[in-house]
Amino acid sequence: MKIVRKLYDWVLSWAESPYGAFALFILAFAESSFFPVPPDVLLIALVLGSQTKAFRYALICSAGSVIGGLFGYFIGSTLWYSGADYSSLAVFFFDNIPGFTQELFESVKMSYDEYGFWIVFTAGFTPIPYKIFTIASGVTEMNPWMFIIASTVSRTARFSLVAFLLWKFGAPIKSFIDKYFNLLAILFTVLLVGGFVLIKYLV
């Protein structure tokens, strides 16, 4: 956890750099496949430093995350297995990426045939580790266009909402985002998915 904390502080340090926007893109890209620190950390710091650029930063963050998700998909589709067994890369992820366990990965993978789109959407909008799902999407050979659509909609919605709240309310909303945003994101996703399931059974 000390390592993660150091990475967290290092990520925040880019907010004071002229390369903050570029760092945001790279962070969002990396977090979608292997990096443990979410891009929201840097996004919040950058927007608080320049609220007029809030939606520009949200767009940069979204683009980096979606492209990074495609890299995670590539890892899953080409590098995850060595014959019938996990590759050394997969074992490295299980052993070294916080929250990326073999048990969780297997449970996610089993649900893809029927719920692939909603699984990716949920992971993209909520605090669930997105990288697990981008790689699982490649392993299960989810339709790449459905993967791109689910990733684009969910990641853009998440980062745009964070940017909007900061643009509208400024620094005072930061503590609210830190405490309650992820909970509200989960609640919103449950209601959205539940609504579609209800419609499916009623129509």
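Seen against the Cα atoms of the chain and their longest principal axis, helix 182-202 is set at about 50 degrees.
Taking 0.36 nm per residue of separation and subtracting the current Cα-Cα distance, fully stretching the chain between Tyr86 and Leu187 would add 32.9 nm.
With respect to the cross-link table entries Lys109/Lys131; Lys6/Lys131; Lys109/Lys179; Lys53/Lys131, which display a Cα-Cα separation exceeding 24 Å?
Lys109/Lys179; Lys53/Lys131
The angle between the Cα long axis of helix 112-125 and the main principal axis of the chain comes to about 10°, on a 0 to 90 degree scale. The angle between the Cα long axis of helix 144-169 and the longest principal axis of the Cα atoms of the chain comes to about 20 degrees, rounded to the nearest 10. Charges were assigned to the Cβ only: +1 to each Lys and Arg, -1 to each Asp and Glu. The resulting dipole of the stretch 64-159 about its Cα centre is roughly 420 debye. Between Ser50 and any residue 5 or more places off or on another chain, the built amide H atoms are never under 5 Å apart. Here Cα extents along the principal axes in Å was calculated from the structure, and among [x] 56, 35, 30; [y] 50, 35, 30; [z] 49, 47, 28 it sits at label [z]. As a calculated quantity, the FRET efficiency between Thr78 and Glu103 at R0 = 30 Å, using C-beta atoms, amounts to about 0.80. Think of the stretch 2-202 as a dipole: +1 on every Lys or Arg Cβ, -1 on every Asp or Glu Cβ, centred on the Cα centre; then among Ile135, Ser175, Val66, Ser175 lies furthest on the positive end. Projecting the Cα atoms of Ala28, Trp118, Leu161 onto the charge dipole of the stretch 2-202 (Cβ charges, centred on the Cα centre) puts Leu161 farthest toward the positive pole. Taking each residue as 0.36 nm, the span from Asp95 to Ser50 lengthens on full extension beyond its C-alpha to C-alpha distance by 12.4 nm.
Rounded to the nearest 20, the Cβ-based charge dipole of the stretch 2-202 about its Cα centre (Lys and Arg +1, Asp and Glu -1) stands at 740 debye.
Read-outs: derived from the displayed coordinates by stated rules, not from any lab. Keep in mind the model is a prediction, meaning the values are calculated, not measured. Every residue, glycine among them, receives a Cβ derived from its backbone with ideal geometry; neighbour counts consider all protein chains shown.
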